[in-house]
Amino acid sequence: MKSVLIISIGPVQDFIASARRSGDLWFGSWLLSELSKAAAKGVAQAEGVSALVFPSPKDIEELEPEFDSEKSLNVANKIVAVVPAMEVGTIAGRAKELAQERLTELAREAFKKVGRFEDEDIAFRQINDLLEFTWASAEFDSPDQYKVAREKVERVLAARKSLRDFAPVTWGSSKPKSSLDGARESVLPKLKKTEGEETRYKKFGTRKEEQLCGVGLMKRNGQRRRNDEAGRVCSTSHFAALPLLARIADTPANKAHASTFFQILRDLKLDNFFGETPFGVMHPVFGDKDARLLFEERYVEFFEESKEDKKTEKSKAVNALRDFLKAVTGGKRPSAYYGLIHADGDRMGAAIDHCGTPDAHRELSRALAKFADDVSNIVKRHDGSLVYAGGDDVLAYVPLHTALACAKELAESFKTRLDGFPTKEDEKPTLSVGLAVSHHLDSLSDALDRARRAEKVAKKVEGKNAFAVIFDKRGGAETTVSGKWGDFDTRLGALIDLYGAGALPHGVAYELRGMSLRLDEATASAEFREGIRAEARRILKRKRDGGGDKLKPELIAEILETRPIFELADELIVAREFDRVMRLADAARGDKGGSK
């Protein structure tokens, strides 16, 4: 007699979202994958890799920690296996044991970087209380009963997860709560009078007033490779600055200017704040430095404003930055915005349900693993940084000048890999992608929430298989645009090209939006809506007569089409912002000018 065993590893969303820096987000996502992989390894050790359905590795080496194996998989937080019914409890126990051991191992590796500290014991108690391990099983006699048994386990598991386990807290104190989530007490010692910002940052990776519990301290200092001193992921500022870095030509003169700039910062003892891009990613001029150094507003982090000598040092650093930008970019400054992609498969539940046997489910699992491999290469090719790719779930940082192309390639790869796994109604799985565009200094948890909301907007498009963008312009309201792949992305790309060619004045988008809002297009009658469209044609014609000679009458008709004006206005606003970063990244495109 066999049993379907399903194991769920948590916590998930809240744990991942508890982040103040890009590294916190990266490590939280990666940690959950490592714990799931350790649990899967426990099943494989007991019954062999053939017992695993999801994931479905070729050999046990793929389940080794990423520290020890280049073949290591990303594993989603739900594990499915077919095991002997009489041993299911023992196997689940072994999986939990290995997951807990992996958690402790990662904590120890992180704390090696920190060194000894007073509340280390409390930190480990907080970490050992973190894991949420839930499992359920159901028996079946033959492969054709697998589907019914798996569906039963899913229901039982959902019911079990609704019952929370509460153990007594063993570390309670009057210390401040963690700055990441406010859930646990800080384990950081009080800052001594003799300690400055640099001392605190060097030991714990924290700013002067920041507090971290044991879990937060592990997130902040955890590493993906043993003895790897390189940074794990770039700052959000780095991704915002990448379009400007793409513009900087690889010339001896630019390299000399960069060398002078970096030496001034070293003289000001800012070496510890340089940061490094992950795993040897190099820019020909800027090297492996984190491009947050290109933002004047980031320099306030490095100097104590209350001290007069620090104000002088800050002025020297800012002046060095301005001189560098003037020399290599003509004084152009980086964009303040970056992208965060969150993608999820459509109809995956139905596709899995249509897999009536363990072998069919394993084939789907392998297809998802191949997609995860594609994701890593696609994101890297578009100058992004992958946070997580497990199953049909993707989270990645991207610079804005490559974000649209990256999102589209991800959707195409998913469609290709999952083409052979239709639902019962013969619908193919597709990928809905959300892109959040956020200011580089905004709260990271807000950016993550924005990316998840964008993905949900894409899911709500009729027929799914869609793309959505939420652009949060600082000082203004969010702008949300969405539509199906092949339609919306093509239209948005055409509008960006029109801006790039100078055929669209930059002010027309807000004028159309204002007109639509004043005339309340959403509730207007059909006759009145036609009047609104006539007014839109007049606005576009006036822009053309005012100097937008590339805006031909037939182009005006094509732009207006049949979409509501407020939707068109939002698409124009978003397209304008993408044109700006593409103009920044491409000197030739920028030199063409364009109507402002």
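Can you give the calculated 222 nm mean residue ellipticity of the chain, where each DSSP H run of n ≥ 4 adds -39,500 (n - 2.57) and the sum is split over every residue, rounded to the nearest 500 deg cm²/dmol?
About -16000 deg cm²/dmol.
Normalising by the residue count of the chain, find the relative contact order in percent from Cα pairs under 8 Å and 6+ residues apart.
Worked out over the chain, it gives 13 percent.
Which length gain, in nm to one decimal place, applies between residue 487 and residue 266 when the Cα-Cα distance is subtracted from 0.36 nm times their residue separation? Could you put the intermediate results ahead of the total?
Working: separation 221, 0.36 × 221 = 79.56 nm, distance 5.02 nm.
Roughly 74.5 nm would be gained on extension.
Among the complete DSSP H segments of the chain, which ones combine at least 20 Å of alpha-carbon extent along their axis with a mean Kyte-Doolittle hydropathy of 0.0 or more?
Sorted by number, the helices that extend far enough and score high enough are 22-47, 565-585.
What does the highest-first list of 83-92, 518-527, 492-501 look like by mean Cβ count within 10 Å?
Final packing ranking: 492-501, 83-92, 518-527.
With each pseudo-label sitting 7 Å past Cα toward Cβ, what's the residue 456-residue 373 distance in nm, one decimal?
3.5
I'd like to compare 573-586, 313-326: which one has the highest average count of other Cβ atoms within 10 Å, and what's the full order after that?
Ranking the peptides 573-586, 313-326 by packing returns 573-586, 313-326.
Please tell me which of these pairs span more than 23 angstrom C-alpha to C-alpha: 37/370; 78/380; 208/332; 58/464; 380/459?
78/380; 208/332; 58/464; 380/459
Give me, ordered by chain and number, the residues 5 or more places off residue 506 or on other chains with an amide H under 5 Å from its own placed amide H.
Residues meeting the criterion, in which the H sits 1.01 Å from N, are 596.
When the chain is fully extended, how far beyond the present Cα-Cα distance does residue 526 get from residue 165, taking 0.36 nm per residue of separation?
124.2 nm
Out of 149, 44, 444, whose Cα points farthest toward the positive end of the dipole of the chain (charges: +1 Lys, Arg; -1 Asp, Glu; placed on Cβ)?
444
Please check which bits of the stretch 110-154 a label hung off residue 359 would reach, taking the label as a point 7 Å along Cα-to-C-beta and the cut-off as backbone N under 20 Å.
Counting only backbone N, you get 140-150.
Full-extension gain between residue 256 and residue 510, please, as 0.36 nm times their residue separation minus the C-alpha to C-alpha distance. Mind dumping the intermediate values first?
Details: separation 254, 0.36 × 254 = 91.44 nm, distance 4.28 nm.
Stretched out fully, the residue 256 to residue 510 stretch lengthens by 87.2 nm.
Ranking request for peptides 471-478, 128-135: highest mean number of other beta-carbon atoms within 10 Å first, then the rest in descending order.
Top of the packing list down: 128-135, 471-478.
Would you mind pulling out the separation of the Cα centroids of the stretch 141-176 and the stretch 77-114, in Å?
15
How would you classify the chain from its alpha-carbon gyration tensor, with a ≥ b ≥ c the square roots of the eigenvalues: rounded for a/c under 1.5, else prolate if a/b is greater than b/c, otherwise oblate?
oblate
Could you work out the relative contact order of the stretch 26-158, using alpha carbon pairs under 8 angstrom and six or more residues apart, expressed as a whole percent?
Result for the stretch 26-158 is 24 percent.
To the nearest 20 Debye, how big is the dipole of the chain about its Cα centre, given +1 on the beta carbon of each Lys and Arg and -1 on that of each Asp and Glu?
In total the dipole reaches around 1580 debye.
Measuring from label point to label point, each 7 Å out along Cα→Cβ, what is the residue 561 to residue 322 span in nm?
4.6
Can you bin the stretch 309-435 into rounded, prolate or oblate? Criterion: square roots of the alpha carbon gyration tensor eigenvalues sorted a ≥ b ≥ c, rounded for a/c under 1.5, prolate for a/b above b/c, oblate for the rest.
It comes out prolate by the Cα gyration axes.
Can you tell me the FRET efficiency between residue 139 and residue 209 if r is taken as the Cβ-Cβ distance and R0 is 41 Å, rounded to the nearest 0.05?
Rounded to the nearest 0.05, the efficiency is 0.15.
Residue 517 versus residue 125, label points 7 Å from Cα toward the beta carbon: distance in nm?
That separation, rounded to one decimal, is 5.4 nm.
If you find the alpha carbon centre of the stretch 404-421 and of the stretch 494-514, how far apart are they in angstrom?
After rounding, the separation between the Cα centres reads 30 Å.
Which shape class applies to the stretch 55-129: rounded if a/c is under 1.5, otherwise prolate when a/b exceeds b/c and oblate if not, where a ≥ b ≥ c are the square roots of the Cα gyration tensor eigenvalues?
Working: a/c = 3.45, a/b = 1.63, b/c = 2.12.
Oblate is the answer for the stretch 55-129, as a/c is 1.5 or above yet b/c matches or exceeds a/b.
Each reported figure results from applying straightforward, stated rules to the coordinates on display, with no laboratory input. In this text, all values refer to a predicted model and were calculated from it rather than measured experimentally. Every residue, glycine as well, gets a Cβ built from its backbone with ideal geometry; the counts of neighbours run over all protein chains shown.
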